[in-house]
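Some notes on the structure that comes next.
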Amino acid sequence: MKYTNIDFNEKTILITGGAGFIGSNLAFYFQENYPKSNVVVLDCFRSEQTLSNGNLKSFGHYKNLLGFTGTVISGDINDKVILKKLEHDYNFDYIFHEAAISDTTVNEQDLMIQTNVNAYEDLLKLAINHDANMIYASSAATYGDAPSPQTVGCENPGNVYGFSKLMMDNISYKYIAEGATISIVGLRYFNVYGPREFYKNKTASTVVQFGHQILSGKTPKLFEGSDKILRDFIYIEDIIQANIKACAPKKSGVYNVGTGKARSFQDIADILQRELDTNLGTDYIPNPYVGQYQFHTEANIDETIENLDYKPAFEMEDGIKAYIADIRRLYETEVKKG
Ligand SMILES: NC(=O)c1ccc[n+]([C@@H]2O[C@H](COP(=O)([O-])OP(=O)(O)OC[C@H]3O[C@@H](n4cnc5c(N)ncnc54)[C@H](O)[C@@H]3O)[C@@H](O)[C@H]2O)c1
């Protein structure tokens, strides 16, 4: 589906974090819709290195790029030598910056700020030097427990991850105010789910995790009161739409990308059971995160509609339906085996 009149054929596009969930979906979007686009993926991929929370330091996985025919570069966005080389070797038209410590539970503040904030500014300078429009991933985590509907300008990050994304937005505002010649758009994704998220392991969405629990015959385990824990869950295809439309914004800025509708974790479990044709009920366990958990998120998307012409197309029922074949495939090829 083409979301814009821009012809990306013959354009050179950098996707940082292109071996991750959202970046790889973007890479395939261009490959499939604009076969003559020149897509360059930069990602540090995964090593066995873990952080103090026990999770991998980075989740990029070659399997997300199986079938990709563009250029793949393994490199760290914190490495200034690599950034210089990219600046020298290419002339980018668009930069989609998805690389980040995406795990919201990471405690290493030094690594988080360096990777998410400082490297972003380096990439922004590269974008300005190339006259490439910048589209980057911010996050709903900038809002922390701020009340719904979350609105740009009313942030209250509850962890260093949310703080780092807010600092990226502040950098962007500064460059915009100084009259940057490119467009700069920060997209505050809410809770994204869909194909190619599986390799995020425990940080993948509840949709795929519940899906696999159900397929293995287990009753999905929800936190007590899950019918009252509501989030704005958004299907990957709508995230792609927002990124593509952000290439030609009416106005540079920071925009929420959600559906504008909060749904419960109970809804996810129920829709999955319907789609997978099971009747396992639900088990409830105490919520250990009370006090440090977003209990209600719902994006205010008025400005996104106005300035990006964005219109979410997937209700949760539609997104899960579109995703279900992939959830089954992953269960057969990855979960059962492993
Ligand atoms: N998925 C969501 O629900 C969600 C919500 C809000 C914001 N975001 C943001 O969207 C972006 C993409 O997230 P995702 O869900 O695809 O996560 P992801 O972890 O799958 O993708 C991030 C990619 O960045 C790479 N990376 C990490 N550190 C790097 C470094 N130093 N140098 C080069 N590459 C590096 C990883 O290997 C990974 O492939 C991230 O910036 C994330 O913070 C995601």
* Structure fact -> Of the residues in the range 120-131, those that are touching a helix residue (DSSP H, G or I) at 6+ places or on another chain (Cβ under 8 Å) and open to solvent by less than 10 Å² (accessible area, probe 1.4 Å) number 4
* Test result for Asp169, at pLDDT below 95, touching a strand residue (DSSP E or B) at 6+ places or on another chain (Cβ under 9 Å) and either in a helix (DSSP H, G or I) or surrounded by fewer than 24 Cβ atoms within 10 Å (Cβ to Cβ) (or both) -> no
* Of all residues in the range 238-247, which are farther than 18 Å from Thr297 by Cβ and either under 11 Å from the mean Cα position of the chain (by Cα) or at pLDDT below 95 (or both)? -> Ile240, Asn243
* To do: Have a look at Thr181, Thr151, Thr219, Thr203 and point out the one that is in contact with a Gly (Cβ under 9 Å, 6 or more places away or on another chain) and of a type in the set (Val, Ile, Thr).
  => Thr219
* To do: Output the residue which, of all residues in the range 18-32 that are outside any helix (DSSP H, G or I) and open to solvent by less than 10 Å² (accessible area, probe 1.4 Å), is farthest from the ligand (Cβ to nearest atom).
  => Gly18
* Asked: Is it the case that Lys261 is over 20 Å from the mean Cα position of the chain (by Cα), touching a residue at least 12 places away in the same chain (Cβ under 8 Å) and surrounded by fewer than 19 Cβ atoms within 10 Å (Cβ to Cβ)?
  -> no
* Asked: Out of Phe96, Phe92, which single residue is at pLDDT 95 or above, in a loop (DSSP other than H, G, I, E, B) and crowded, with 20+ Cβ neighbours inside 10 Å?
  -> Phe92
* **Output for the range 50-70, where each listed residue is among the polar types (S, T, N, Q), open to solvent by 50 Å² or more (accessible area, probe 1.4 Å) and farther than 16 Å from Lys202 by Cβ** => Thr69
* Among the residues of the range 69-87, is any at pLDDT 95 or above, within 24 Å of Pro35 (Cβ to Cβ) and part of a loop (DSSP other than H, G, I, E, B)? -> yes
* Can you confirm whether the range 35-44 contains a residue that is assigned to a loop (DSSP other than H, G, I, E, B) and in contact (Cβ under 8 Å) with a residue 40 or more places away in the chain? => yes
* Among the residues listed as Tyr189, Tyr143, the single one being buried (at least 18 other Cβ atoms within 10 Å of the Cβ), within 17 Å of the chain's Cα centre (by Cα) and more than 22 Å from Leu123 (Cβ to Cβ) -> Tyr143
* Does Asp103 satisfy the condition of being within 22 Å of Thr203 (Cα to Cα), acidic (Asp, Glu) and either open to solvent by less than 60 Å² (accessible area, probe 1.4 Å) or more than 14 Å from the ligand (Cβ to nearest atom) (or both)? -> yes
* Asked: So which pairs qualify, if the first residue must be in the range 133-161 and farther than 20 Å from Lys251 by Cβ and part of a helix (DSSP H, G or I), the second must be within 13 Å of the ligand (Cβ to nearest atom) and aliphatic (A, V, I, L, M), the Cβ gap must be under 8 Å, and the two must be at least 6 apart or on different chains?
  -> Ala140/Ala299; Val160/Val106; Val160/Met112; Val160/Ile113; Tyr161/Ile101; Tyr161/Val106; Tyr161/Met112; Tyr161/Ala141
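The values are calculated or read from the model by the stated rules, or taken from the named source; none is laboratory data. This one's a predicted model, so the numbers in the text were calculated from it and none came from an experiment. Every residue, glycine among them, receives a Cβ derived from its backbone with ideal geometry; neighbour counts consider all protein chains shown. Just so you know, the surface numbers come from the protein's heavy atoms only, side chains and all, with ligands and any DNA or RNA stripped out. Shrake-Rupley method; radii C 1.70, N 1.55, O 1.52, S 1.80 Å.
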